[in-house]
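Q: One structure coming up, written as structure tokens, with questions to follow.
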Amino acid sequence: MSMPSLPSEATRRAALRWLTELRGAGVPRLRTLFANHPAYADLTPAQYAEGLAWLRRTGMITAMGRPVVEVNGSELRDVGPASAVPSVRWSRAAEEARRAIGAVGEKELLRLLRESGVPQVRHVAAESDAYGYDIAAGCSTERVHLEVKSTTDPTRLVVHLTRHEYEVMATDADWHLVAVLVGRDGNAVNVATVSRAWLHSAVPVDRDKAGRWESVRLEVPAHAITPGFATKAWQLAEDWPVASRPVWAFQPSVPLPA
């Protein structure tokens, strides 16, 4: 997946207006407002359309057009040479929801591993964020370090990877990214593993020594997703829940000690 390029100044201005106004009105109404009100006539309908599309590509608004970030006034912050984006932060509600879903996914994967008899299962994320992964698991012949990404969206798999998680992956051969689809009842509907090679190819490249990326949002393509999770020393069990086969998901599997 190629990363979205930095938007033009006009696109950034349009995006900022969308973020500000979407808190009180919907997309159709604002599209009419931007096209007809003289206060917004400095930008064209095409530029407003591109601003909206950019917000959707970067995950700043939902598919229904609701912001998941809060605008910090109308300030801009520099992110590189001759570029700027609106200064925004995740809304408290959106951040709390993401954390809650993440916690449920980690809890479910811990449960499935332990119930399947994996002898060593440790929730290291409960101790510290410094590890760069959430769960350490192993048997007498092999160990794994699992970074868990959880979602309730069965139509696509979107993960947020931090710079620290990526750097741990780059140096730790035991590191794996495991995605958990959480159902409405709070149980794991499906589990899959994301390709390390694809992650390496998908993260952005630092443009210069003066700045670097710290977090990235990635939409994972089907070819980078493997059903369940297994290693050389562990076999696949058949007692994980069976999904209704949404787009990104596969029938889960669970590792067992050899």
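Q: Could you tell me whether residue 7 is at pLDDT below 85 and either open to solvent by less than 30 Å² (accessible area, probe 1.4 Å) or closer than 30 Å to residue 221 by Cα (or both)?
A: yes
Q: Going by the structure shown, is residue 130 within 28 Å of residue 175 (Cα to Cα), at pLDDT below 90 and open to solvent by 30 Å² or more (accessible area, probe 1.4 Å)?
A: no
Q: Still on this structure, please answer the following. Which condition breaks for residue 196 when tested against (1) of a type outside the set (Ser, Thr, Tyr); (2) open to solvent by 50 Å² or more (accessible area, probe 1.4 Å); (3) over 21 Å from residue 103 (Cβ atoms); (4) at pLDDT below 90?
A: Every condition holds for residue 196 apart from (4).
Q: Right, here's the next one. List every residue pair whose Cβ atoms sit under 9 Å apart, with the two residues 6 or more apart in sequence or on different chains, where the first one lies in segment 152-180 and is touching a residue at least 40 places away in the same chain (Cβ under 8 Å) and outside any loop (DSSP other than H, G, I, E, B) and the second, anywhere, is among the hydroxyl-bearing types (Ser, Thr, Tyr) and open to solvent by 60 Å² or more (accessible area, probe 1.4 Å).
A: 160/215; 161/215; 162/215; 163/215
Q: From the list 130, 136, exactly one residue is closer than 16 Å to residue 106 by Cα and without any contact (Cβ under 8 Å) to a residue 60 or more places away in the chain. Which is it?
A: It is 136.
Q: Continuing with the same structure: Let me spell it out: the conditions are (1) touching a strand residue (DSSP E or B) at 6+ places or on another chain (Cβ under 9 Å); (2) among the polar types (S, T, N, Q); (3) closer than 25 Å to residue 62 by Cβ; (4) surrounded by fewer than 15 Cβ atoms within 10 Å (Cβ to Cβ), and residue 190 meets all of them except one. Which number is the exception?
A: The number of the failed condition is (4).
The values are calculated or read from the model by the stated rules, or taken from the named source; none is laboratory data. Because the structure is a prediction, the values reported are computed rather than measured. Please note: Cβ atoms are built from the backbone with ideal geometry, for glycine as well, and neighbour counts cover all protein chains shown. The accessibility values were calculated without ligands, DNA or RNA, using every heavy atom of the protein model including side chains. Shrake-Rupley method; radii C 1.70, N 1.55, O 1.52, S 1.80 Å.
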